[in-house]
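**Q** Before I ask anything, here is the structure I am working with.
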Amino acid sequence: MGSQISKQIERRKEISTEKKVLVDLEESSGETYPCSDYRPSDRKNWMAGFNPEKLHINQIVWPGTHDSASNRIGIPLITRPFAQCQSLSIYRQLCVGTRVFDIRVQEDRRVCHGILTTYSVDVVIRDLKKFLLETESEIVILEIRTEFGHEDPPEFDRYLEEQLGEYLIHQDDSVFGETIAELLPKRVICVWKPRKSPAPKHGSPLWSAGYLKDNWIDTDLPSTKFESNMKYLGEQPPVSSRKYFYRVENTVTPQADNPIVCVKPVTNRIHGYARLFITQCFSRGCADKLQIFSTDFIEEDFVDACVGLTRARVERKA
């Protein structure tokens, strides 16, 4: 018992030290970068706010969410705090400016996070289609994967094509250099990541796993995650020459050896440092590599941070 208590005390000290590292970095470097003060007048249509004929896919800094469809997962007040990573529905996330979604499914097409489940993926598709009908020039990246430990939903690729066919941008390397206007009226890049089923092929309406990459760092230590994100981002080619999307997740994850295992208080350790991360990307010479930037519990300021950097690229300030 004594050794366990001692271990917990050391873990708390470690977390406190790491939080202070980010506080000190923020105080010394600030959060200002080109167009960091930009606020889109209409977040629901922020891509349309740029000229779709001039905004290239590889110029966009895409605001994304981690475990995007977990707003109603599990049982309220009982299991939900251990798995909920978002408080908004998919539709509300779209309206606030989110453009990349991380959806995990199990064999019966229900969205899940580990062993906890929530609504059917039909709800996700319905919300997305509602948004697409209400807007004209917004492009969305929809990543759907079979959750670890689960089986692929039967014929799920056919289901996605039937549901989203008219909107799907087909898998093609040329997409990265094209403008939004050149892709319209197609508006959804759907990345399907099955565990055992065949992967989508080149030219398919769906995109294969290799087109959306990341380096997942499973830690609850905020400075460790911040620096790991920076390291792996720095190893990527610039967006101008890359033929895949690369995601950085501004999140930390509850760990079993820590008494705090609810998502929100843990992820809050890094949540407020999105603008600091972008600022540090400029300081460390990798601002031209940032592309998809994802978070838990997305809010307007996170979206604005990404849209501001997009504006800087459009205006050739970054």
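The values are calculated or read from the model by the stated rules, or taken from the named source; none is laboratory data. Since we're looking at a predicted model, the values are computed, not measured. Ideal geometry is used to build each Cβ from the backbone, glycine not excepted, and the neighbour counts take in all protein chains shown. These area figures cover heavy atoms from the full protein model, side chains too; ligands, DNA and RNA do not enter into them. Shrake-Rupley method; radii C 1.70, N 1.55, O 1.52, S 1.80 Å.
**Q** Within region 7-30, can one find any residue that is on the phi > 0 side of the Ramachandran plot and of a type outside the set (Gly, Ala, Ser)?
**A** No, every residue in region 7-30 fails to be on the phi > 0 side of the Ramachandran plot and of a type outside the set (Gly, Ala, Ser).
**Q** A further question follows. I need a count of the residues in region 185-198 that are in a loop (DSSP other than H, G, I, E, B) and surrounded by 14 or more Cβ atoms within 10 Å (Cβ to Cβ). Spell out the reasoning first.
**A** Residues of region 185-198 that are in a loop (DSSP other than H, G, I, E, B), as a first pass: 185-187, 194-198.
Checking which are surrounded by 14 or more Cβ atoms within 10 Å (Cβ to Cβ) leaves us with 186-187, 194, 197.
Within region 185-198, residues that are in a loop (DSSP other than H, G, I, E, B) and surrounded by 14 or more Cβ atoms within 10 Å (Cβ to Cβ) number 4.
**Q** If you go through region 136-156, how many residues are open to solvent by 10 Å² or more (accessible area, probe 1.4 Å) and of a type in the set (Val, Ile, Thr)?
**A** Taking region 136-156 and keeping what is open to solvent by 10 Å² or more (accessible area, probe 1.4 Å), we get 136-137, 145, 147-152, 154-155.
Checking the rest, the ones that are also of a type in the set (Val, Ile, Thr) come to none.
Residues meeting the conditions: 0.
**Q** On to the next question. Scan region 203-231 and report the pairs whose first residue is within 30 Å of TYR167 (Cα to Cα) and whose second residue is of a type in the set (A, V, I, L, M, F, W, C) and open to solvent by 10 Å² or more (accessible area, probe 1.4 Å), with Cβ atoms within less than 7 Å and a gap of 6+ or a chain change.
**A** Listed pairs, sorted by first residue: SER208/ALA199; ALA209/ALA199.
**Q** A follow-up question, please. Looking only at residues that are under 15 Å from the mean Cα position of the chain (by Cα) and assigned to a helix (DSSP H, G or I) in region 93-134, which one is surrounded by the most Cβ atoms within 10 Å (Cβ to Cβ)? Before you say what the answer is, go through the steps one by one.
**A** In the first step, residues of region 93-134 are kept if they are under 15 Å from the mean Cα position of the chain (by Cα); the result is 93-94, 96-104.
Next cut, assigned to a helix (DSSP H, G or I) only: 93-94, 96.
On the way: GLN93: 25, LEU94: 23, VAL96: 18.
The extreme case among them is GLN93.
**Q** Got a sec? Which of ILE78, ILE73 is in contact with a Lys or Arg (Cβ under 8 Å, 6 or more places away or on another chain) and either among the β-branched types (Val, Ile, Thr) or in a loop (DSSP other than H, G, I, E, B) (or both)?
**A** Numbers: ILE78 fails: in contact with a Lys or Arg (Cβ under 8 Å, 6 or more places away or on another chain).
Just one listed residue meets the conditions, ILE73.
**Q** Turning to a different aspect of this structure: Have a look at ASP304, ASP218 and point out the one that is of a type in the set (D, E, K, R) and crowded, with 17+ Cβ neighbours inside 10 Å.
**A** Numbers: ASP218 fails: crowded, with 17+ Cβ neighbours inside 10 Å.
Answer to the selection: ASP304.
**Q** Which one is farthest from GLU299 (Cα to Cα), of the residues in region 18-45 that are in contact (Cβ under 8 Å) with a residue 12 or more places away in the chain and β-branched (Val, Ile, Thr)?
**A** If we filter region 18-45 for residues that are in contact (Cβ under 8 Å) with a residue 12 or more places away in the chain, which is where we start, we get 18-19, 21-22, 25-26, 29-40, 43-45.
Imposing the further condition that a residue be β-branched (Val, Ile, Thr) reduces the set to 21, 32.
Details: VAL21: 24, THR32: 19 Å.
Result: VAL21.
**Q** I would also like to ask the following. Among the residues of region 178-200, is there at least one that is modelled with pLDDT of 95 or more and closer than 30 Å to LEU77 by Cβ? Please lay out each step first, then the result.
**A** The initial filter retains those residues of region 178-200 that are modelled with pLDDT of 95 or more, namely 178-200.
Now narrow it down to the ones that are closer than 30 Å to LEU77 by Cβ: none.
No, every residue in region 178-200 fails to be modelled with pLDDT of 95 or more and closer than 30 Å to LEU77 by Cβ.
**Q** Quick one: which of LEU290, LEU276 is surrounded by 18 or more Cβ atoms within 10 Å (Cβ to Cβ), over 14 Å from GLY234 (Cα atoms) and in contact (Cβ under 8 Å) with a residue 60 or more places away in the chain? Step through it out loud before you land on a result.
**A** Details: LEU290 fails: over 14 Å from GLY234 (Cα atoms).
Only one candidate qualifies: LEU276.
**Q** Which members of region 157-179 meet the condition of being open to solvent by less than 60 Å² (accessible area, probe 1.4 Å), farther than 29 Å from SER240 by Cα and more than 22 Å from the chain's Cα centre (by Cα)?
**A** The one that is open to solvent by less than 60 Å² (accessible area, probe 1.4 Å), farther than 29 Å from SER240 by Cα and more than 22 Å from the chain's Cα centre (by Cα): TYR159.
**Q** If I filter region 31-42 for residues that are part of a loop (DSSP other than H, G, I, E, B), buried (at least 21 other Cβ atoms within 10 Å of the Cβ), of a type in the set (Phe, Trp, Tyr) and at pLDDT 95 or above, do I get at least one hit? Give the derivation first.
**A** Applying the first criterion (part of a loop (DSSP other than H, G, I, E, B)) to region 31-42 yields 31-42.
Now restrict to residues that are buried (at least 21 other Cβ atoms within 10 Å of the Cβ): 33.
Checking which are of a type in the set (Phe, Trp, Tyr) leaves us with 33.
Applying the additional criterion that residues be at pLDDT 95 or above yields 33.
Scanning region 31-42 turns up at least one residue that is part of a loop (DSSP other than H, G, I, E, B), buried (at least 21 other Cβ atoms within 10 Å of the Cβ), of a type in the set (Phe, Trp, Tyr) and at pLDDT 95 or above.
**Q** Ok, one more. Checking PRO237 against (1) within 17 Å of the chain's Cα centre (by Cα); (2) surrounded by fewer than 19 Cβ atoms within 10 Å (Cβ to Cβ); (3) within 30 Å of GLN171 (Cβ to Cβ), only one condition comes out false. Which one?
**A** For PRO237, the exception is condition (1).
**Q** Let me ask something else about it. Specify the residue that is surrounded by the most Cβ atoms within 10 Å (Cβ to Cβ); the eligible residues are those in region 43-88 that are hydroxyl-bearing (Ser, Thr, Tyr) and under 15 Å from the mean Cα position of the chain (by Cα). Steps first, please.
**A** Filtering region 43-88 for residues hydroxyl-bearing (Ser, Thr, Tyr) gives 65, 68, 70, 79, 87.
With under 15 Å from the mean Cα position of the chain (by Cα) added as a condition, the list becomes 65, 68, 70, 87.
Details: THR65: 28, SER68: 26, SER70: 25, SER87: 15.
Across region 43-88, the extreme among qualifying residues is THR65.
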